[in-house]
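> Before I ask anything, let me first share the structure, which is written out below as C-alpha cells.
Read-outs: derived from the displayed coordinates by stated rules, not from any lab. Predicted model only: the values in this text are computed from it and were never measured. A quick note on method: Cβ atoms are made from the backbone with ideal geometry, for glycine too, and the neighbour counts reach across all protein chains shown.
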Amino acid sequence: MRQQIAAANWKMNLTLSEGEQLVKALVHAGIVLKKHQRVLMGVPFPYLVPLQAAVQRVEGFDLMAQNCAATNNGAYTGEVSATMLKSLGIQWTIIGHSERREYQLEGNAVLAQKADRLLENGLKPVFCCGEPLQIREANTHNGYVETQIRESLFHLDEKAMSHVVIAYEPIWAIGTGKTASTEQAQEMHRYIRSVLEKQYGTTLADTIPVLYGGSVKANNASELFGQPDVDGGLVGGASLVADDFTAIIRSLKA
Ligand code: 13P
C-alpha cells in the first residue's frame, strides 16, 4: 500500500509550552502506526528543535517545517533554508500552502525552486495545490490544479519526484468548516494521479501519496481517507486538539 500520512499544520498557532503539551498528549495516546502509516507535525520554525526528541519518541512520527527559502543561503533576512533545516535533522517541509501563495505572493515558479532546494538537501516536499472558490464554480479546477503541479514539479526527474508528497487543499474548504465531499475529493485525487501517470508512468504515480486538506475533522476523516486515491490528510484546526488529531490518525487506511 502507498504511504498513508496524517500531517498536522499548526500554522501560526500555539505557544511553545502549549505545543509541548499537545505533543505530550499525542505521544501518550498509545498510537501504534503500521509500517505504511506516518504522522507529520508541521510546527513553526522555532519549535522544530525543542519538540524534536518528544515527537520522535513514537515510531513513525516526525516533524515537518511549514516553508523554506528558495535559496540555500545568503542575504535573505528572516528566511530559513532547506540547508538549515537539513542541519537540524528535519526531513519534511510543506511548500506552496495557499496562505503563502496568497499573503506572500508565492507563485508556481518560486515553488519549483523551493522543491529543488529541498530535494537537493535530501528533504521531502509536501507540495500544496488547490483552487479558489471561483475556479471551482467555473468548473475549471482540474486544469488549475494540473498547472500548479506541472509548473512547480514536472521539471523533476523520476528519482526526485519519488520523494514528493502532494496535498490537495481546495481553498474554499480551508478553515471554513465546509469540507469537500468525499466524491469531490476522490475525483480530484484521481485526476491528480492521472496527471502524474501521464508524466511519470503508472508505477511511480501509484507510489506518490496525495493528501486531502480542508476542514478535515475527527468525524469526517475516515470517510475521506477511505477513498481509494486519498492517502491521508493535511490538517489545520483539528490538529491543535490532541483527541481530534488522534482520532484523525486512527482514520488512516489500515
Ligand atoms: P483546516 O483543517 O483548518 O481547514 O486547515 C487546512 C489546512 O490549511 C492545512 O494545511
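> Among the residues of the range 28-39, is there at least one that is of a type in the set (Gly, Ala, Ser) and either away from the ligand (no atom under 16 Å from the Cβ) or assigned to a helix (DSSP H, G or I) (or both)?
At the first step, the residues of the range 28-39 found to be of a type in the set (Gly, Ala, Ser) are 29-30.
Okay, now just the ones that are also either away from the ligand (no atom under 16 Å from the Cβ) or assigned to a helix (DSSP H, G or I) (or both), so 29-30.
Yes, because at least one residue in the range 28-39 is of a type in the set (Gly, Ala, Ser) and either away from the ligand (no atom under 16 Å from the Cβ) or assigned to a helix (DSSP H, G or I) (or both).
> Take the conditions within 15 Å of the ligand (Cβ to nearest atom), over 15 Å from residue 97 (Cα atoms) and not charged (D, E, K, R) and apply them to residue 185. Does it pass? Break it down into steps so the answer makes sense when it comes.
Details: within 15 Å of the ligand (Cβ to nearest atom): yes; over 15 Å from residue 97 (Cα atoms): yes; not charged (D, E, K, R): yes.
When the stated conditions are applied, residue 185 passes them.
> Restricting to the range 1-27, name every residue that is more than 16 Å from the ligand (Cβ to nearest atom), under 19 Å from the mean Cα position of the chain (by Cα) and assigned to a loop (DSSP other than H, G, I, E, B).
Selection gives 1, 2, 3.
> Still on this structure, I have one more. Residues of the range 217-248 being without any contact (Cβ under 8 Å) to a residue 60 or more places away in the chain, surrounded by 17 or more Cβ atoms within 10 Å (Cβ to Cβ) and away from the ligand (no atom under 11 Å from the Cβ), which ones?
Selection gives 218, 224, 227, 229, 230, 247.
> Step by step: first the residues of the range 46-79, then only those that are among the β-branched types (Val, Ile, Thr) and out of contact with any strand residue (DSSP E or B) (no Cβ under 7 Å at 6 or more places or on another chain), then the one that is nearest to residue 124 (Cα to Cα). Which residue is that?
Ranking the qualifying residues of the range 46-79, first place goes to 71.
To keep it simple, each residue is scored yes or no on (1) out of contact with any helix residue (DSSP H, G or I) (no Cβ under 8 Å at 6 or more places or on another chain); (2) within 19 Å of residue 208 (Cα to Cα); (3) within 16 Å of the ligand (Cβ to nearest atom).
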position: 48; (1), (2), (3): no, no, no
position: 70; (1), (2), (3): no, no, no
position: 74; (1), (2), (3): yes, no, no
position: 79; (1), (2), (3): yes, no, no
position: 86; (1), (2), (3): yes, no, no
position: 90; (1), (2), (3): no, no, no
position: 93; (1), (2), (3): no, yes, yes
position: 100; (1), (2), (3): yes, no, yes
position: 117; (1), (2), (3): no, no, no
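> In the set 158, 137, which member is on the phi < 0 side of the Ramachandran plot, away from the ligand (no atom under 14 Å from the Cβ) and free of Cβ contacts under 8 Å to residues at least 24 places away in the same chain?
The conditions single out 137.
> Please indicate, with yes or no, whether at least one residue in the range 90-99 is surrounded by fewer than 17 Cβ atoms within 10 Å (Cβ to Cβ) and either within 23 Å of residue 238 (Cβ to Cβ) or not aliphatic (A, V, I, L, M) (or both).
There is no residue in the range 90-99 that is surrounded by fewer than 17 Cβ atoms within 10 Å (Cβ to Cβ) and either within 23 Å of residue 238 (Cβ to Cβ) or not aliphatic (A, V, I, L, M) (or both).
> Return only the number of the condition from (1) within 15 Å of the ligand (Cβ to nearest atom); (2) among the aliphatic types (A, V, I, L, M); (3) without any contact (Cβ under 8 Å) to a residue 24 or more places away in the chain that residue 205 does not satisfy.
(1)
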